[in-house]
Amino acid sequence: MPGSRDQQEPLPPMPTDWRRALAVVAHPDDLEYGGAAAVADWTDGGREVVYVLATRGEAGIDTLAPAECAPVREAEQRAGAAAVGVSRVEFLDHRDGVVEYGPDLRRDIAAAIRRHRPELVVTLNHRDTWGGEGGGGAWNSPDHQAVGRAVLDAAADAGNRWIFPELLAEQGLEPWNGVRWVAVTGTTTPTHAADADPGMERAVRSLMEHKAYLAALTDQDPEEYVRGFLTGYAQQAAARFGGRPAVLFEVFPR
Ligand SMILES: [Zn+2]
């Protein structure tokens, strides 16, 4: 809309000179709501993407007790990842809903970074809120805040021999100082954008794989809900990407 405050400078595209990415988030479905369309495009181009989940999302469905919920959500996450070309999915087994920011979480994420040696690390909004026009905005989940912050820290921890020396001594994980960027999705202060169009259909299928979660979340037809949400977000983001549907990232270079 000409003259509106949405009319902003177009964002540059995401870096493409990398081979391996590691996406680390708190819950099954966090990546499907955020960056899956970009992930589908990346894996299409022959890049390797691995998912690491801090929890199994076992506190995410009101009608399912955690012990029953965890295997359901793990299976849905593996299927959702496969839909965008991601075959490796790992779980760190922190407790859903009460993930604590601190050295234990940083160590577990640093270990994952050392195992997979990515150049690009992706995570979800680590800030207090989801932002909003004129300030405020919905409060972010404590798990997202804890994991997002720990990911930003662990990108450096992974390269430091002396911060978690037990990773080498006990697990044989050599330092990896090759992370060049940490890219945060779900941000209201984006610095870069990725084309959402090529991966959108697979992103829709990816989120639709979270069948039990979506059934508990909404009475709406799942495909209608998922397609509406993801294309709506990409269309809104188009205002920052020359009118093209986009996934937005806040990139922290290292
Ligand atoms: Zn989440």
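Of note:
- Whole-number D in µm² s⁻¹ for the chain, Kirkwood Cα-pair radius fed into Stokes-Einstein, 25 °C, 0.890 mPa s: 133
- Across segment 1-154, C-alpha contacts under 8 Å between residues 6 or more apart give a mean separation that, scaled by the residue count, equals a relative contact order of 28 percent.
- Annotation: segment 64-189 has a Kirkwood hydrodynamic radius of 16.0 angstrom, from the mean reciprocal C-alpha pair distance.
- Per-residue Karplus couplings for segment 213-222, computed as 6.51 cos²θ - 1.76 cosθ + 1.60 with θ equal to phi - 60°, are listed in order as 5, 5, 4, 7, 7, 8, 8, 5, 4, x Hz, Gly and Pro entered as x.
- Dipole of the chain, positive end: most advanced residue of 124, 242, 169 [Cβ charges, Cα centre]: 169
- Taking every alpha-carbon pair within segment 112-254, the share separated by more than 20 Å comes to 60 percent.
- Net charge contributed by nearby residues that have their C-beta within less than 12 Å of residue 105 (K/R +1, D/E -1): -3
- Förster radius 41 Å - calculated FRET efficiency between residue 221 and residue 161, Cβ distance, rounded to 0.05: 0.20
- Net charge of Cβ neighbours under 11 Å - reference residue 91; Lys, Arg +1; Asp, Glu -1: -3
- Label-to-label distance, nm, for residues given as residue 189 and residue 75 (7 Å Cα→Cβ offset): 4.2
- Of all DSSP bridge pairs formed entirely within the chain, close to 35 percent run antiparallel.
- In a simple Cβ point-charge model (Lys, Arg +1; Asp, Glu -1; nothing else charged), segment 20-253 has a dipole of about 760 debye relative to its Cα centre.
- Estimated translational diffusion coefficient (Stokes-Einstein, Kirkwood radius over Cα pairs, 37 °C, 0.692 mPa s) of segment 44-114: 247 µm² per second.
- FRET efficiency for residue 20 and residue 130, using Cβ-Cβ distance with R0 set to 22 Å, rounded to 0.05: 0.15
- Within the shell of other residues whose beta carbon sits under 12 angstrom from the beta carbon of residue 163, the net charge comes to +1, with Lys and Arg scored +1 and Asp and Glu -1.
- Contour excess over end-to-end distance, with Cα ends at residue 139 and residue 93 and 0.36 nm allotted per residue: 14.1 nm
- Extreme residue, positive dipole direction of the chain, given options 40, 99, 59 (C-beta unit charges): 40
Just so you know, all these numbers are worked out from the coordinates, no wet-lab data involved. This is a predicted model, so every value here is computed, not measured. A quick note on method: Cβ atoms are made from the backbone with ideal geometry, for glycine too, and the neighbour counts reach across all protein chains shown.
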